[in-house]
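Structure first, commentary second.
The values are calculated or read from the model by the stated rules, or taken from the named source; none is laboratory data. From a predicted model like this one, the values you see are computed outputs, not experimental measurements. Don't worry about glycine lacking a Cβ; one is built from the backbone with ideal geometry, like all the others, and counts go over all protein chains shown. When the accessible area is computed, the model is the full protein with side chains, heavy atoms only, and any ligands, DNA or RNA have been set aside. Shrake-Rupley method; radii C 1.70, N 1.55, O 1.52, S 1.80 Å.
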Amino acid sequence: MYTTVSIDLPEEVLLDLNESKNDFEEYMKKYIAVDLYTNKHISLGYSAAVAGMTKEDFIKLLSLHNISIFDFENQEDFEEEMNNA
């Protein structure tokens, strides 16, 4: 199930960006999803759903912004994971 959330935005913003309302909505969905994911509010799968993307495409979006899906507490955890790969 989905719900709709709306925001009020001055029309000038869309005009200045030369964006349609639909393009801006897509942009907002993606970057809200990125923010929720990077701040550890929701999982990768939920983030992809918020963005309206597959997990694979969402991971690519994250990588375009130099955001890793891997989160290691320290070098030791990273090395352990690499040894297990």
Any hit, the stretch 29-37, residues being assigned to a helix (DSSP H, G or I) and without any contact (Cβ under 8 Å) to a residue 12 or more places away in the chain: yes
Which numbered condition residue 8 fails, given (1) in a loop (DSSP other than H, G, I, E, B); (2) under 28 Å from residue 66 (Cβ atoms); (3) among the acidic types (Asp, Glu); (4) open to solvent by 80 Å² or more (accessible area, probe 1.4 Å): (2)
Unique residue being more than 19 Å from residue 3 (Cα to Cα) and modelled with pLDDT of 95 or more when the list is 30, 55: 55
Total residues in the stretch 39-76, condition at positive phi and without any contact (Cβ under 8 Å) to a residue 24 or more places away in the chain: 2
